Amino acid sequence: MLTRKQHELLMFIHERIKETGVSPSFDEMKEALDLASKSGIHRLITALEERGFIRRLAHRARALEVVKLPQQATAAAPPKGRGAFRPQVFEGGGAPPPAASPAAAANDSRELPILGRIAAGTPIDAIQHERERLPVPEAMLGAGEHYVLEVQGDSMIEAGILDGDYVIIKKGDTATSGEIVVALVGEEATLKRLRKKGGSIALEAANPKYETRIFGPDQVEVQGKLVGLIRRYH
């Protein structure tokens, strides 16, 4: 059983190797996990190595190899490779899934506000005010403030995000290149993969029907990043 930080680091290393062929640097890991020093990364890597999830390769700089992934590997650390996002799916009826009971909700889930719809396609109106609340399993969350948006559109389908899904967003104004974020462009919000390209920011879809949009750094405001997903069945 991995701790949340061990799981986040393992998934970050895995997706970075898939994306670039090279494991991330300790500085990149420290930034991605929001740790104060690289000593914390050293401890996490040692723990992952002892548990058989990663292996250090001799005589190569930045040489880490992911040996296996945990069965519960989901969206705790959003994957960054095309089509790699594997949503943690919770079945439900025609409405957002309710908590099993007040006691269970207190222990195992957290009530998060649903702030409206987010476009996975052409940007729509910016995030609205809270319209209702949704119980979300604590296992999908970490520290920090979170909120929920209902997805509208199909531009992220190759990342496993479908029209009508509920995405769990960790509130924040920064993101690592490659993460899926809620981006505010002017007065419109959209759900896209963010790429930093020199002095520009690219918002990438995960559907070949949609073009990548390029903006100046002052044109895009990050409103949060994807940490999980809930799907209901009608």
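The values are calculated or read from the model by the stated rules, or taken from the named source; none is laboratory data. Bear in mind that the values here come from a model prediction, so they are computed numbers and not experimental data. Note that we place each Cβ from the backbone using ideal geometry, even for glycine, and neighbour counts take in every protein chain shown. Accessible surface is based on the protein model in full, side chains and every heavy atom, while ligands, DNA and RNA are left aside. Shrake-Rupley method; radii C 1.70, N 1.55, O 1.52, S 1.80 Å.
Table for the structure above
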read-out	value
Criterion: part of a loop (DSSP other than H, G, I, E, B) and touching an Asp or Glu at 6+ places or on another chain (Cβ under 6 Å) - qualifying residue of ASP218, ASP154	ASP154
The listed residue being under 23 Å from GLY144 (Cα atoms), among the small types (Gly, Ala, Ser) and touching a residue at least 12 places away in the same chain (Cβ under 8 Å), out of GLY186, GLY228	GLY228
Residue under evaluation LYS192, criteria (1) under 21 Å from ARG117 (Cβ atoms); (2) not in a strand (DSSP E or B), criterion not met	(2)
Condition met for VAL167 (at pLDDT 90 or above, touching a Ser or Thr at 6+ places or on another chain (Cβ under 8 Å) and open to solvent by less than 20 Å² (accessible area, probe 1.4 Å))	no
Qualifying residue in the range 129-137 (condition: modelled with pLDDT under 90, part of a loop (DSSP other than H, G, I, E, B) and surrounded by 14 or more Cβ atoms within 10 Å (Cβ to Cβ))	no
Residue in the range 86-99 that is in contact with an Asp or Glu (Cβ under 9 Å, 6 or more places away or on another chain) and modelled with pLDDT of 85 or more present	no
Filter result for the condition that a residue is open to solvent by 30 Å² or more (accessible area, probe 1.4 Å) and hydrophobic (A, V, I, L, M, F, W, C), over ILE214, ILE230, ILE180, ILE201	ILE214
Which listed residue is closer than 22 Å to GLU221 by Cα and modelled with pLDDT of 85 or more, from GLU145, GLU111	GLU145
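Residues are listed down the side, and each one gets a yes or a no for (1) more than 20 Å from the chain's Cα centre (by Cα); (2) open to solvent by less than 50 Å² (accessible area, probe 1.4 Å):
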residue: LEU2; (1), (2): no, yes
residue: PHE12; (1), (2): no, yes
residue: GLU28; (1), (2): no, no
residue: ALA32; (1), (2): no, yes
residue: LYS38; (1), (2): yes, no
residue: HIS42; (1), (2): yes, no
residue: LEU48; (1), (2): yes, yes
